[in-house]
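The structure under discussion appears below in the form of structure tokens.
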Amino acid sequence: MTYFADLSSPQVGALSDGPRVPVLLLPLGAVEPHGPHAPLGTDPLISRGMCERAAARLAADDDVRVLILPEIPYGVTRFAAGFAGGIHVGEETLHALLVDVGAALIGQRLPRILLVNNHFEPAHLVTLRRAVETLNFAYAGHVALLDLVRRRHAQRLTEEFRSGECHAGRYETSLVLADRPELVDQAVMRELPHVPVSLASAPSDGGFVEMGMADAYCGKPAEATAEEGEETFSVLTDLLVEAIRELARA
């Protein structure tokens, strides 16, 4: 079984007694606008796709047992203010939820939890990093975040990702096309012009409109392809598997 919530209570109770080290993956993201062409749930969709691919790759591994926790699709998303569909939760709300979920699992001898996130608003990332610190220091967990914006990870991803022009652009849209193509309005997508705005230089206040993203996207979504999405998913899965093995050794 791949999904934690599909197990029975006795099966969960036996996880820590088996020969394989259990590592729990928690997919994260935000429900927010991704241009006029891509779904609101793009971020958690990508996180879930990474987790499913990593779990499949490690299904027969002798050392690690990977399980996917129910995702948390809501995040800090002030940048999306003013657009239909954005669902923002505050930093303290998200921090408290992550700490409560993590503490409940750590208390059941399941301390190895890996946060898999694909929403890169700075305040959201700061909150995830703080939750990891809280769980590790206050609850003696072995909790980690696969932080894709760190240079050592970002350098292995696409040029658009590294540039910061990746909100609903070629990078993210390609990933959705690879996983759920029916959710992308490809006729609209092919007509969208390049929006040269980098989230890496986002202001401390304001949102997509103030940055110059009038349609809640940046980059070049018109160039997105399912083939690029599959290639990127392969790299993302490599990164995730490496993080899983590192956490299993903790």
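The values are calculated or read from the model by the stated rules, or taken from the named source; none is laboratory data. No experiment lies behind these values; they were computed from the predicted model shown. Neighbour counts are summed over all protein chains in view; Cβ atoms, including those assigned to glycine, are modelled from backbone coordinates with ideal geometry. When the accessible area is computed, the model is the full protein with side chains, heavy atoms only, and any ligands, DNA or RNA have been set aside. Shrake-Rupley method; radii C 1.70, N 1.55, O 1.52, S 1.80 Å.
Restricting attention to the range 194-207, which residues are assigned to a loop (DSSP other than H, G, I, E, B), open to solvent by less than 80 Å² (accessible area, probe 1.4 Å) and within 19 Å of V126 (Cβ to Cβ)? Within the range 194-207, S198, A202, P203, G206, G207 meet the criteria. For the residues R156, R162, the requirement of being in a helix (DSSP H, G or I), out of contact with any Cys (no Cβ under 7 Å at 6 or more places or on another chain), within 15 Å of V235 (Cβ to Cβ) and open to solvent by 70 Å² or more (accessible area, probe 1.4 Å) singles out R162.
The set of residues in the range 32-79 that are touching a strand residue (DSSP E or B) at 6+ places or on another chain (Cβ under 7 Å), over 22 Å from L236 (Cα atoms) and part of a helix (DSSP H, G or I) contains only R78. Among the residues examined, L98 does not qualify as assigned to a loop (DSSP other than H, G, I, E, B) and under 28 Å from D63 (Cα atoms). Across the range 198-250, what is the total count of residues that are among the acidic types (D, E) and within 21 Å of G86 (Cβ to Cβ)? Qualifying residue count, the range 198-250: 3. When the residues of the range 11-26 are filtered to those that are modelled with pLDDT under 95 and not acidic (D, E), the one that is most open to solvent (accessible area, probe 1.4 Å) is P19. Look through the range 236-250, keep the residues that are closer than 12 Å to V21 by Cβ and not charged (D, E, K, R), and return whichever of them is surrounded by the most Cβ atoms within 10 Å (Cβ to Cβ). Taking the candidates together, the pick is I244. Going through (1) farther than 27 Å from V126 by Cα; (2) under 17 Å from the mean Cα position of the chain (by Cα) one by one, E191 falls short only on (2). Scan the range 208-226 residue by residue and report those that are over 18 Å from P39 (Cα atoms), open to solvent by 80 Å² or more (accessible area, probe 1.4 Å) and either among the hydrophobic types (A, V, I, L, M, F, W, C) or in a loop (DSSP other than H, G, I, E, B) (or both). Listed by number, the list holds a single entry, V209.
Taken over the range 165-182, the criterion of being over 19 Å from L239 (Cα atoms) and open to solvent by less than 20 Å² (accessible area, probe 1.4 Å) is satisfied by H167, A168, G169, T173, L177.
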